[in-house]
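In what follows, a structure is listed as structure tokens, so that the remarks can point back to it.
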Amino acid sequence: MKQRFRVKSRTELLAMAIIALMAIFVVRLFYIQVIRHDYYVAQADSEQMKKFTLHAKRGEIYALDGDSPTKLVMNETVYTVWADPQTIQDRQAVVDAINRVAGGDTRANFGQYLDKKDTRYQVLATKVSRKQAELLKKANLAGVGFDAVTQRVYPEGSLASQVLGFVDAEGSGKYGFEQAYDGRLKGRDGLLKTVTDVRSVPLTVGDKNINIPAVDGQSPVLSIDRNVQAKTEKALADAVTRTGAKRVSAIVMDPSTGQVMAMANMPTYDPSKLSEVQDVALFNNATINHPYEIGSVAKTFTIAAGLDKGVMKPDSTYVNEGSIRVDDRIINNASKTTKLGTITMQDALDWSLNTGMVTIAQRLGNGSEITYGARQTIYQYFHDRMLLGQKTGIELAGESGGIIISPDDAQGNAVRYSNMSFGQGMDLTMVQAAAAFCAVVNGGAYYTPTVVAGNMNGTTFQKATATPHAQRVISAEASAQAREMIHHAHYATYKPADRPGYYIGGKTGTSQTIDPKTGEYRNDETIATYLGFGGSDPSLPRYVIMTSVYGNGNYGGGADAKPIFNDISNWLIDYLKLQPKG
Amino acid sequence: MSYTRTVQFNSRRQGNWGRNQNTVAFASAVKLGPITHTVLIALMITVLGLIYLTQATRTSSYDYAASEVDSQISQLSDQKKDLEVDNARLTALKEVQNSNVAKNMTTPTETNYANE
């Protein structure tokens, strides 16, 4: 039987072809959408999804203006104007417009950069303000572009620049408060991951969008009072003129909180003109990073320890012979003939006699020697209670610790501690000494020195609360006696220059410097220091001021540092609206 | 808003409902073939697609509007910042000290204190 094959119709063939084609499509789609799913999703995301960093704004820094915060460091958006020489069409129009709008901010002979046709990016002007940039944009210059840059602005110029520090080109704080508080000032950048159109406009379509808002940096309020700071800087500038010293420094503190009202050094710099600074040493804040032998102002610490330990009173006596033996060394007074014979400890402080302080150190031991026990006691007061010779923790970068030799150290012998009793043989920073002095005169409570008065929350000033250090430095009675002794010493040797009716106290210091080549004290350079307090109520000092003058010769605490104290102190009396007593 | 019926009436159709039972249902003279059905379904899909596209486009237009508003906010914020900087510069200590008001101030010859 002849087998007959059924002849398929053309329609059926077409249908089969279509089915086969559809099957290929299905298989291909299955391959693309299922097997290669992740690959193509990634491909699509890379083209459609874009990541934007939402930059956090660096916090502004406020200072105090009396009780109100005022802006000391701000942010400003400025523009860098650049050109693509290959797309510039009307060279002269570009030159004219930029000269007209941003004449002072252009590069020198910027027109020459427009002729560099082999380049695509030439900076024509920098730090152009937003208004100037808008005017240039309106000119619609082909081939001219703008880059927005945020920069720090200092409305008060160089005021407190060594306290503030600055922000480098990468946006990181350098020196001072900017560096110490960098993390809090910076804030945290946010992230926007979203589908965009061809112009990079974010669209809300898609389910993979991520929006993490930026957290702007904190805006702290410094305890620096701009008026006190300005006065202090003026007083220092006058002192430079008066003394010819290489460097002068001052710190003004509120003894009842530890807050720094002013902190300044001369010479200084303008943070908005960093490129003009020739000496990087100007960025340093000597009040926190220049430890030195503070000299006789340390006698206030020795009498505070002696009074608190009960080994002396202001009217306690000793025999002053102009010098005193400690082990194999003879310790001399600055003047061997001053106040010889039986004198009081008040006399010793008034006349800044080293023998009196060594005597107190001996009385902290067995009465005739600076024993190991006496050295331990002095170390406990100086190092453990007054926190001298170690970093205070003030919110400023670059703080130095200084040196106080422990009695357990081989160098911590009686001679060392006899020197320490009158301010030699230990290196302290001004902020350490001023903070310890605050404790001596404020009733005995140590407050960690701080430059932060609070924080701005929107437009609200949230004040920080001052908490004293856990350990009391000296008793309130000892503090009252020390205050009275220091008040007496202030008027003992130099002609008073204070406003009458106020309770002012202070102590001079004139310290030799060590020659780094020989390691010996040199006679051609001394550092002058003055450390004092003031107020109208004898039991409540309102301010503590420490000043120093050094470099380029011999300077005396009474002759050179004390006038700066007087200048600032007399001004503060008016500024703080203190009424005279009696 | 609600209305209260004040007049009662009965529908004749409602009352004579039983009479309409077993009536003849006439088939429509219009017959839809498979092509028409396909076309109608395609049309429905097209309409639904257009509705979807309209909504999706509207969402995108909101994004552009939001982007525009963001840009305006940014510009106004920059202007505010500029004004704040100008204000801070104008009220800086040196500006105040150099002002005519400050130059015309004099030091008091005598100070009296008002005690509380």
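The values are calculated or read from the model by the stated rules, or taken from the named source; none is laboratory data. None of these values were measured; they are calculated from a predicted model. All Cβ positions, even for glycine, are placed from backbone atoms using ideal geometry, and neighbour counts span all protein chains on display.
Overview of values
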read-out: Residue that is surrounded by 20 or more Cβ atoms within 10 Å (Cβ to Cβ) and assigned to a strand (DSSP E or B), where the choices are A:I324, A:I330, A:I360; value: A:I324
read-out: Count of residues meeting criterion [part of a helix (DSSP H, G or I), β-branched (V, I, T) and more than 14 Å from chain B (Cβ to nearest Cβ)] in segment A:545-582; value: 2
read-out: Cβ-Cβ under 6 Å pairs, at least 6 apart or on other chains, segment A:207-231 side in a strand (DSSP E or B), far side of a type in the set (V, I, T); value: A:P220/A:V452; A:L222/A:V451; A:S223/A:V260; A:S223/A:V451
read-out: Wholly within segment A:241-321, strands (runs of 3 or more DSSP E) carrying at least 1 residues that are of a type in the set (K, R); value: A:247-254
read-out: Residue within segment A:93-107 that is under 35 Å from the mean Cα position of the chain (by Cα), of a type in the set (D, E, K, R) and more than 14 Å from chain B (Cβ to nearest Cβ) present; value: yes
read-out: Top-ranked residue of segment A:171-228 - restricted to ones that are more than 30 Å from the chain's Cα centre (by Cα) and more than 14 Å from chain B (Cβ to nearest Cβ), ranked as surrounded by the most Cβ atoms within 10 Å (Cβ to Cβ); value: A:K193
read-out: Lone qualifier among A:A56, A:A83, A:A63 - being surrounded by 14 or more Cβ atoms within 10 Å (Cβ to Cβ), within 12 Å of chain B (Cβ to nearest Cβ) and of a type outside the set (S, T, N, Q); value: A:A63
read-out: Complete set of residues in segment A:550-567 that are touching a helix residue (DSSP H, G or I) at 6+ places or on another chain (Cβ under 8 Å) and within 11 Å of A:K495 (Cα to Cα); value: A:P563
read-out: Scope segment B:67-87; condition more than 8 Å from chain A (Cβ to nearest Cβ) and within 26 Å of the chain's Cα centre (by Cα); matching residues; value: B:E68, B:V69, B:D70, B:S71, B:Q72, B:I73, B:S74, B:Q75, B:L76, B:S77
read-out: Any hit, segment A:485-504, residues being away from chain B (no Cβ under 14 Å), assigned to a strand (DSSP E or B), closer than 26 Å to A:N442 by Cα and modelled with pLDDT of 95 or more; value: no
read-out: Subset of segment A:117-170 that is part of a loop (DSSP other than H, G, I, E, B), more than 14 Å from chain B (Cβ to nearest Cβ) and in contact (Cβ under 8 Å) with a residue 40 or more places away in the chain - its residue that is surrounded by the most Cβ atoms within 10 Å (Cβ to Cβ); value: A:G165
read-out: Pick from segment B:88-116, criterion part of a helix (DSSP H, G or I) and among the aliphatic types (A, V, I, L, M), ranking: farthest from the other protein chains (Cβ to nearest Cβ); value: B:V101
read-out: From the options A:V78, A:V95, A:V73, residue that is of a type outside the set (S, T, N, Q) and more than 30 Å from A:D182 (Cα to Cα); value: A:V95
read-out: Hey, B:Y52 part of a helix (DSSP H, G or I), aromatic (F, W, Y) and either touching a helix residue (DSSP H, G or I) at 6+ places or on another chain (Cβ under 7 Å) or facing another protein chain (nearest Cβ under 10 Å) (or both) or not; value: no
read-out: A:A434 part of a helix (DSSP H, G or I) and either out of contact with any helix residue (DSSP H, G or I) (no Cβ under 7 Å at 6 or more places or on another chain) or on the phi < 0 side of the Ramachandran plot (or both); value: yes
read-out: Test: residue in segment B:83-94 that is under 19 Å from A:P155 (Cα atoms) and of a type in the set (V, I, T); value: yes
read-out: All positions within segment A:290-315 that are under 10 Å from A:M345 (Cβ atoms) and surrounded by fewer than 18 Cβ atoms within 10 Å (Cβ to Cβ); value: A:K313, A:P314, A:D315
read-out: Residues that are of a type outside the set (S, T, Y) and either more than 9 Å from chain A (Cβ to nearest Cβ) or touching a His at 6+ places or on another chain (Cβ under 8 Å) (or both), drawn from segment B:55-66; value: B:Q55, B:R58, B:A65
read-out: Some residue of segment A:32-42 being among the hydrophobic types (A, V, I, L, M, F, W, C) and more than 30 Å from A:T196 (Cβ to Cβ); value: no
read-out: Any hit, segment A:41-60, residues being at pLDDT 90 or above and of a type in the set (S, T, N, Q); value: no
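Condition check ((1) surrounded by fewer than 21 Cβ atoms within 10 Å (Cβ to Cβ); (2) more than 18 Å from A:S296 (Cβ to Cβ); (3) at pLDDT 95 or above; (4) under 28 Å from the mean Cα position of the chain (by Cα)) across all residues:
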| site | (1), (2), (3), (4) |
| --- | --- |
| A:G532 | no, no, yes, yes |
| A:S539 | yes, yes, no, no |
| A:Y543 | no, yes, yes, yes |
| A:Y550 | no, no, no, yes |
| A:G556 | yes, no, no, no |
| A:A559 | yes, no, no, no |
| A:L572 | no, yes, yes, yes |
| A:G582 | yes, yes, no, no |
